[in-house]
Each structure stands twice: as C-alpha cells, then as structure tokens.
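Report on the following structure.
Just so you know, all these numbers are worked out from the coordinates, no wet-lab data involved. No experiment lies behind these values; they were computed from the predicted model shown. Cβ placement follows ideal geometry from the backbone for every residue including glycine, while neighbour counts extend to all protein chains displayed.
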2 protein chains.
Amino acid sequence: MQISRSPLARPFPEMPAIAGVTLRAARARYKEWDRCDLTFAELAEGTAVAGVFTRSACASSEVELGREAVKQGRARALIVNAGNSNAFTGYRGREAVEAIQAQVSAALGCGVDEVFVSSTGVIGVPLPKDKARAGIEAALSAEPCSWEDATNAIGTTDTFAKGAGASAMLGDTRVEFAGIIKGSGMIAPDMATMLGYIFTDADIAPAFLQEALERANSATFSCITVDGDTSTSDTVMAFATGKAGNARITGWDSPGADAFAAALADVCRNLAQLVVRDGEGAAKFITIRVSGAVSDDSARRVGLSIANSPLVKTAIAGEDANWGRVVMAVGKAGEPADRDRLSIGFGGVWAARQGQPLADYDEAPVAAHLKGQEITIEVDLGLGEGRATVWTCDLTHGYIAINADYRS
Amino acid sequence: MQISRSPLARPFPEMPAIAGVTLRAARARYKEWDRCDLTFAELAEGTAVAGVFTRSACASSEVELGREAVKQGRARALIVNAGNSNAFTGYRGREAVEAIQAQVSAALGCGVDEVFVSSTGVIGVPLPKDKARAGIEAALSAEPCSWEDATNAIGTTDTFAKGAGASAMLGDTRVEFAGIIKGSGMIAPDMATMLGYIFTDADIAPAFLQEALERANSATFSCITVDGDTSTSDTVMAFATGKAGNARITGWDSPGADAFAAALADVCRNLAQLVVRDGEGAAKFITIRVSGAVSDDSARRVGLSIANSPLVKTAIAGEDANWGRVVMAVGKAGEPADRDRLSIGFGGVWAARQGQPLADYDEAPVAAHLKGQEITIEVDLGLGEGRATVWTCDLTHGYIAINADYRS
C-alpha cells in the first residue's frame, strides 16, 4: 500500500551544521529497496552523550546495550539501521550489534561502548551481519551528507522527513542544535518506532546532559501518543561535541544552563510534535491542555488518558465537540478528579464548567474550531496547580487502512 | 447512521422465569422514539442484592447512590432508564434519581435504599423528572413482560438483545439464573455503557452474594474490553429472591456455595462475551490466553494490554499473524516479562518460542485460523503459574464509522 504524505506534514527546516558531527549514509540493503538505510554519525573526541530509552520489558539488544553504555557518558559514533529492528531476535540479534560496535571501534580507534547502534523495521529477523558490515564499510568511505539525507536514511514509512534546529546563547557563546527523528510509520510485520537524535556543539558534562535530556523528555516525548502503543526500540539520544567553546556546563548552577536546557527542550518539543503530525492516518493535530490537577504528573496522566481514548480521537475525527467522551477519559485515568469541579472546553470555549454543561454554551465557534486541522482541548480539574500539555492526533479510517488493510 | 446487526451476534436464548421477579416496561420517551425505554423489575420481599460499579472518578449519581445502597443488602426494585445516562448533570441529576426512588418506595412500601436506578444514553442532560414519573406510573400498571422485552428496553444502540440463563443444584434444590445486559453501542453525544443484571431464585445471604459477584466479575466483566474506554455508568448487579427454597448460602462453607458461584460466573462470562460480540465494528471475536505470568492478576493485565492495543486489534482485523505487535503489547504492559522466555501463538500454533521466531514455523494453519470469526492468541511468559483469559474484538473501519462518521 502506498501511504501518502501526511496532510499535517511540515517542510524540512534549515538546520545548522554542528561542529564535530559528520554525517554519512550508505546502502546496506536491509530490505529490497534502493535507498540509503544505514546512517553513520561520526562524533568528535570528547563528545558527551545522554539517552532515554523505551521502558518496554521486551526491549531490543540495541536498547539494552545503549542503556548501559550511555552511563559512561562518551560517544564517538551513532549507527542507525533502517528496515530491520533486530527486536525479538535473542542472542543472534545481540551478536549483530556487538559486531557493529567492534567494527566501528576498530575503524575510529575508540571504545566499543562509545559506539551507539539503533535499528528500526521488521522484527524477529536478526540483523544480517554481512549487510551491516558492508554497509558500514561503504559509509566510512562515503562523502558527508546533509541533515535531510540522514533523516531520510533513518526513516521507514515516515511520510515526511522530520527535523528541528535551534540555537542558544551561553554567556557570549552561541551554540547550535540540530535534531532529527523518525517515527509513527509502519512496516509490517513490525511496529511503529520512534528514534530521535539531537546534536549540539555545546560543551556539556555528560551527567548534566543526561539530566537536561530527561527533563526535556518528560515534557515532550513523554507527552505524545499516536495509539498508546510503545515500541520495543524507542530511543532518544543527545550528543554534545563541545566544539562551540563555551564554558562547560556541569550543573544547573553553571552560567547558561537554563538557556541550554530550554533550547534542548524546544528541539525535543518540535521533534515530538512532528511525530504526531506523521501519526498513522492523522488528519488533525490535537493539543490537550490539562490544568487544576493535584500535580504536573497527574495532569500528564489525565492528558494521556484523553489522548489515548479511541472515543475521544474518533470524536475529533468526526469534528464532534463530544465533551462527554472527555469526561469519560478523565474518569478512567485513575487520577484524582471530582466530577463536580471538572471543566471542559474546545478551542478556548468552555462547553462544561464545574460538572455541568454551560447553560449558555454556544456550539458555533466550537464547531468552526473543530473543522480545522489544529485542535485544542482544555480540561480544568479544579483541584490544584498541576498542569501539563499533551499532543496527539485523531483516529481515522486512515489508521485502520494502514494497519489492517495491508497484509505483510 | 443505521448500524447493522453485529456479524458476531447470537440469538436470544431461552431463559427461565425467576420466582420473585416481575418485569415490566414502559415508554418514558426519554428520546424521540417509539419504544419502551423504562424497565421496572419488581423483586419479592427479602431479595438480596449485590453490585459492582465503574471505578470512574466521574461516575453518575445512579452509580454513587447504588454503590452506597447496595451495602444494606436488600432490593425491592430495579429501574433502568435508556436514552439518557444522567451523567455529568450535577445536583439536578441526583435529584432525578432520588425522585424515582421516592416514587417507587411509596408505591411498593419499601425503603428508598431498596430501589436501584440505572440510566444509559445521552450525558450532560439531567434526566427529566416528569418523564421518569410518568414512565414509572405506566410501568406500575403495565402487564409483565418477557426477558427479551426487558432486554430490548434497556438497550440503546445494541445491535442485538443479550441474555444468558443457567441453573445449578444446591443440594436437592434446583435454582435458576437469568441475566441480561446492554453495552458497547453508542448514542452520540455520549459513551458506551455496560449495564448488566443477573437474577436468581436462590436464597443467598447478601454478603456472600456480593463476594460471589465480585469474584465472578474479576474473571469475566473485568476481562473484556472493546476499546479500553470505561464509562461513567458501568454497573453489574445480582438479585437473589430466595424463592427456590434452598438452604440459605451464607459463605463458602455452605453446601452448594461452589455450585452457585460457578453458575453465577457462567452467566457473567456469557454476558461479558456477548458485549464483546456486539463491540462497535467488531468482525472477529478474540480470546487471549495468557499463561506463565508471575500471578493471575499480572496475566490479566498483560492480556488486557494486548486486548487494548490498536496495533494488535488492527492486525487481527487484517488477518495478519503479526506476533511482533503482541510482543510490543506484552512489553508495554508494565508487568514482569522476559523477552527471551516469551512464547506467542495463534489458534494453538506457536509462532515464536522463548524469545525467537520458530525456525520451522508454518504460517499456513495460522493464516487459515485468522480468516475465521473466532480467533485465539496464546501468550506464555515463561515466568510462573499465573494465568488469565481475556476477550476482545478486532478494530475495524466499522469502529471509525460508528464513532467518527456520525455527527451528533
């Protein structure tokens, strides 16, 4: 089945070069296709690394090894394989990852734990070692490529290339960020996988990079959902080459720490939203703002309960201001809520306040809002100061077509 | 939109009369329709009652009042309103329920807390007191009706009437069970609601009836899902009139307690499965058997994670033996699992064992199985003795059509 470009797609942005990062791509031919499917990012010596990984109990060997290796804080290379996720492949899958690490560490003269590998695509088929070896050989001698080329090379059934840039001033030093991501597409017989990478030339201590990435993740990647399904390979990594020459940031007290963290979070938010914009079958981008919860975490869980509700998502697809389904999703979230304090709105117009429909509720502006592509749902729980924003897309015939009509 | 009868529908069964239960139905006209929408079950003096209710934090007044009243253990009447769920209607909704209780308690000469009320349908509109009052007046003077009539009267967009009967021998005494249920249909702008009622002529102490119902519920109604969305009104109640004349069952040590509990669980399981068979857009009935979990509860949660996964449900709709999606759903369940001990099968044929695809996996019998209407998924976690069976349906274009294409 040919999946057409998402109606919510965004053009690939201008992205800065990041000193200390060299991108190359090659054809490993993990599938029968004529495209680059192996991406090789070479990183300058001294590059700090951080990562957040899927919490799946059935994670791939790439995730298991990456989660361990990230603790030592240094990276010299990232390799991304597209077309084969190497998940659920047992010891043979693990051997394939270790072979890549050994080959790259020999070529670059670095430790094996400074080589990070991600894979996405078909599951249950061990990554073929010979194709990986030849692909890496080809990449090592290839010309450097652009961000957009690299983004296309990590994609599978993504319908558009997703990237986000940013910059920040750390004292007098300008630092650059470039982030790329793939996700929410599908290659039967496997699962949607989100792989995201943010590169910066800032000089950041690894422990602080990890802390900043985890903080950014909790308000961005952890606040999106397409279908509530979590892949065995989800990975977001940050790499800081230190080439910008800023005074090294080692903690929140370092000058520029907040500016750095804010820019990193901006990139993460933009990338996360792009994944939702490429959600399978998505026709509308939905922003859910929850306030009045007992805590920010509680607000996020209420938001995700709404965002994952098939009844809410189909209501939005049907352009139906069905606040009753939002009530239902709040009620089932397992978080503190009081029916008689709950307020619900669409597009900035309250439909119900404090547990009751508004007597003078005017559905016309809400109906107009729901006809658009960018939808907001506002929920106030009336209990406390907790807030969160969550992003999702609607659930349409397109989702069913992509995931059910196509046989592997 | 005219929703056609589910392809998984079952004919309404023969059901026994239950001594001490008189059913009547009337036209309260909660909506603009010409059908009975108020059901009145009059129960003999001394009838024991038990109930399990939605855990939604936004439950309706009917649920709040029922949950309280069931604690005193006696019931004289059940009133079910169809077409208006009275949910999210604040104090006016509560007043409407209390008015019904007062009217019926006066007519029957019983306590208000012996009158149980359920409502299903549109939310956000207080149940109109005048319609309810006139409907109850009409019901009080109506001729008794059949189980099938009563079942049709509690339904909303159910595509078929759902009932289940059973009998059990308690010592030398035969006792009868009749259960009716509505659920998984939809009237915009509201939510699917499951309301189920089981009547028996057995003589059962209220505390034991509650215990037996909770036990049955945990293995039946708590093991089904259509879309993972929990309504604000979900209710299952059991009524035992005591007219059969058996030696009263007061605890698990009473003669016949196990036989009674088994028959009650049978009725609950049959009713629960019928709700899945009427799942919105359902074309296939899916049984998920989980074994090898660390506990039965853990097995149930893993089963529900699979059953609620849109990717698994669309794969079954597409007749695709996509065990990778099952791995994903196991991994995200938040329960103990070990990728390298996990086995997955369809229709009794293993596709993957202990973390790896079977080398000699023959997809032909699995493909044939998936073309049928009755699908089984087997998952063995390889960790312990915990087991559970969960039931769901596939996710099809029909679900989207019912919930998105139709504007309220």
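Values for this structure:
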quantity	calculated
Spin-label model distance (nm) - B:Ala262 vs B:Met169, 7 Å beyond Cα toward Cβ	1.1
Flagged links, alpha-carbon separation over 24 Å, of B:Lys182/B:Lys243; A:Lys313/B:Lys284; B:Lys31/B:Lys313	B:Lys182/B:Lys243; B:Lys31/B:Lys313
Share of pairwise Cα separations in chain A, more than 35 Å, in percent	29
Order of B:Leu8, B:Leu395, A:Leu271, A:Leu38 under a 10 Å beta carbon neighbour criterion, fewest first	B:Leu8, A:Leu271, A:Leu38, B:Leu395
Other-copy label distances relative to B:Asp172, 7 angstrom Cα-Cβ extension, nm	10.5
Residues A:Thr250, B:Thr376, A:Thr151, A:Thr39 arranged by fewest to most Cβ contacts within 10 Å	A:Thr250, B:Thr376, A:Thr151, A:Thr39
The stretch B:285-405: C-alpha gyration tensor shape, a/c 1.5 cut-off, then a/b vs b/c	oblate
Rounded FRET efficiency, nearest 0.05, which uses the C-beta distance separating B:Glu64 from A:Glu214 and R0 of 60 Å	0.90
Cβ-vector label at 7 Å, B:Lys71, separations to other copies in nm	5.0
Amide H contacts of A:Thr376 (H built 1.01 Å from N, under 5 Å, at least 5 apart or other chain)	A:Thr287, A:Gly347
Label spacing, shortest first and in nm, from B:Thr22 to its equivalents in the remaining copies (7 angstrom along Cα→Cβ)	9.2
Residues whose placed amide H lies under 5 Å from that of A:Gly83, excluding near-sequence neighbours	A:Thr120, A:Gly121, A:Val122
Efficiency of FRET from Cβ geometry, B:Asp360 and A:Lys71, R₀ 30 Å, rounded to 0.05	0.15
Dipole magnitude of the protein assembly as shown, debye to nearest 20 (Cβ charges: Lys/Arg +1, Asp/Glu -1, about Cα centre)	360
Bridge type composition, chain A - antiparallel percent by DSSP, nearest 5	65
Shape call, the protein assembly as shown: gyration tensor on alpha carbons, a/c limit 1.5	prolate
Among B:Ala205, B:Ala351, B:Ala368: highest mean-square fluctuation, GNM of chain B, C-alpha pairs under 10 Å	B:Ala368
³J(HN,Hα) computed for each position of the stretch B:290-298 - Karplus, 6.51 cos²θ - 1.76 cosθ + 1.60, integer Hz, glycine/proline x	10, 9, x, 7, 6, 7, 4, 4, 5
Taking chain B and dividing mean pair separation by its residue count, relative contact order in percent (alpha carbons under 8 Å, at least six apart)	18
Estimated 222 nm signal from helices in chain A, with DSSP H stretches of n ≥ 4 weighted -39500 (n - 2.57), rounded to 500	-9500 deg cm²/dmol
Top of B:Ser295, B:Ser141, B:Ser85 by mean-square fluctuation, Gaussian network on chain B, Cα under 10 Å	B:Ser141
